[in-house]
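J.: Handing you this structure, nothing more for now.
The values are calculated or read from the model by the stated rules, or taken from the named source; none is laboratory data. Note that the structure is predicted; figures quoted are calculated from it, not measured. Cβ placement follows ideal geometry from the backbone for every residue including glycine, while neighbour counts extend to all protein chains displayed. Side chains included, ligands, DNA and RNA excluded: accessible areas come from the protein's heavy atoms. Shrake-Rupley method; radii C 1.70, N 1.55, O 1.52, S 1.80 Å.
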Amino acid sequence: IVLILRMGDVPFIDTTAEENLLHVMKHFHRQNGIILISEASPNLLNSFQQTDIYDFIGEHHFFERTGDAINFALQLIDYNACVGCTHFTFKECSKLSNPKGAHSND
């Protein structure tokens, strides 16, 4: 399972939110989930670097653009889990949900 957190509209995060976010991330990680962060502002990224969040997630799981995070996630997921999904969170999802397009690289 891959979770992409689009942080473009998050200008800052306080200590309480950081603690809660880290708690959620640790729970997700225990479920074998991978967390990716995209669009974090320089201030937010700096805040993450000052806490355990940055090290917990890992430098290579931060992306300037959500599209780059999606492309990275597509390398990690089991496409069979996408077949039949109707959430369509990203434009790529509708193609993956279609059994005929589930393994397509178009």
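J.: So Met7 ticks every box in (1) farther than 30 Å from Asn98 by Cβ; (2) touching a residue at least 24 places away in the same chain (Cβ under 8 Å) but one. Which box is left unticked?
T.: It is condition (1) that Met7 fails.
J.: How many residues are part of a helix (DSSP H, G or I) and over 13 Å from Leu3 (Cβ atoms) if we restrict to the range 58-73? Lay out the reasoning, then the answer.
T.: Taking the range 58-73 and keeping what is part of a helix (DSSP H, G or I), we get 59-61, 66-73.
Restricting the remaining residues to those that are over 13 Å from Leu3 (Cβ atoms) gives 59-60, 67-68, 71.
Count: 5.
J.: Being in contact (Cβ under 8 Å) with a residue 24 or more places away in the chain, buried (at least 18 other Cβ atoms within 10 Å of the Cβ) and in a loop (DSSP other than H, G, I, E, B): is that true of Ile77 here?
T.: Answer is no for this residue.
J.: Taking His61 as meeting all but one of (1) closer than 20 Å to Pro11 by Cα; (2) open to solvent by less than 40 Å² (accessible area, probe 1.4 Å); (3) modelled with pLDDT under 95, write down the number of the exception.
T.: (3)
J.: Looking only at the range 34-57, which residues are open to solvent by 10 Å² or more (accessible area, probe 1.4 Å), outside any helix (DSSP H, G or I) and either at pLDDT 90 or above or in contact with a Pro (Cβ under 6 Å, 6 or more places away or on another chain) (or both)?
T.: Ile34, Ile35, Glu39, Ala40, Ser41, Gln50 - these are the residues of the range 34-57 that are open to solvent by 10 Å² or more (accessible area, probe 1.4 Å), outside any helix (DSSP H, G or I) and either at pLDDT 90 or above or in contact with a Pro (Cβ under 6 Å, 6 or more places away or on another chain) (or both).
J.: Follow-up question, since we're still on this one. Residue by residue through the range 42-74, note down the ones that are touching a helix residue (DSSP H, G or I) at 6+ places or on another chain (Cβ under 9 Å) and hydroxyl-bearing (Ser, Thr, Tyr).
T.: Ser47, Thr51, Tyr54
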